[in-house]
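The values are calculated or read from the model by the stated rules, or taken from the named source; none is laboratory data. Keep in mind it's a predicted model, so treat the numbers as computed, not measured. As a convention, Cβ positions derive from the backbone with ideal geometry for all residues, glycine included, and neighbour counts pool all protein chains shown. Quick note on the areas: whole protein, heavy atoms, side chains included, nothing else; ligands and nucleic acids left out. Shrake-Rupley method; radii C 1.70, N 1.55, O 1.52, S 1.80 Å.
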Amino acid sequence: MGEAQKLMIAVVGVFVVGFLMVGASKEQSNEEKEAASQIRSLVAMQEMANLKCPKLIENKTGTQVYFPSKTDTDKTTYVTMEWIGEKDSNFKTASCTLHLSLGGVSRLVIDDKVLIDKKI
């Protein structure tokens, strides 16, 4: 074998080893896949709550809300968002709970008055 052939084989070998290393590093363990799935689920639940709850509160009170003052979640099944009304608001407090299993708002409480209460 000539020097040129040896050099070409060495270059091809380096590329093969590089591809194998990149491929091996991209494999995820089951724990990593589960954690990524949990994060995607939480983000989807938060997005849904951020779309539905403010619209419901505005429909019921006439006051538009933006950012909740408090958020509570178990990170897998529900998210509860709470707002405190300002001076010019038509409410003092509002609480909205979204359950992932229902795919929508399961509980809406405005000024201690329960407006929506769906059982799971």
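Per-residue 3J(HN,Hα) values for region 113-120, derived from phi via the Karplus relation 6.51 cos²θ - 1.76 cosθ + 1.60 with θ = phi - 60°, read 10, 7, 9, 9, 8, 9, 7, 8 Hz in sequence order (x marks Gly and Pro). In terms of Cα atoms, the Rg and Dmax of the chain work out to 26.1, 88 Å.
Couplings for region 30-46, taken from phi via the Karplus curve 6.51 cos²θ - 1.76 cosθ + 1.60 with θ = phi - 60°, read 4, 5, 5, 5, 5, 5, 5, 5, 5, 5, 4, 5, 5, 5, 4, 5, 5 Hz in order; Gly and Pro are left as x. Here the sum of -39500 (n - 2.57) over DSSP H runs of 4 or more residues, divided by the residues of the chain, equals -16500 deg cm²/dmol at 222 nm, to the nearest 500. The residues packed around GLY104, meaning those with a beta-carbon under 10 Å from its beta-carbon, carry a net charge of +2 if Lys and Arg are +1 and Asp and Glu are -1.
Among 93-100, 69-76, the peptide with the highest mean count of other Cβ atoms within 10 Å heads the list, and the full ranking is 93-100, 69-76. Accessible area per residue for the chain, computed on protein heavy atoms with a 1.4 Å probe, is 74 Å². Amide H contacts under 5 Å for VAL65: GLU58, restricted to partners 5 or more places along the chain or on a different chain, H placed in the peptide plane at 1.01 Å from N. Here the chain has 58 percent of its accessible surface on carbon and sulfur atoms, given a 1.4 Å probe and all protein chains in place. Among ASN59, ILE39, ILE84, pick out the residue whose Cα is farthest towards the positive end of the charge dipole of the chain, where Lys and Arg carry +1 and Asp and Glu carry -1 on C-beta, about the Cα centre. The residue sitting farthest along the positive end of the dipole is ASN59.
The calculated FRET efficiency for the pair VAL22 and VAL43, based on their C-beta separation and a Förster distance of 30 Å, comes to about 0.65. Largest mean-square fluctuation among SER101, SER25, SER37, in a Gaussian network model of the chain whose springs join Cα atoms under 10 Å apart, belongs to SER25.
Altogether, the Stokes-Einstein calculation at 4 °C and 1.567 mPa s, with the Kirkwood radius of region 74-120 over Cα pairs as Rh, returns a diffusion coefficient of 115 µm²/s.
Largest GNM mean-square fluctuation across GLN28, GLN64, GLN38, computed for the chain with C-alpha springs under 10 Å, falls on GLN28.
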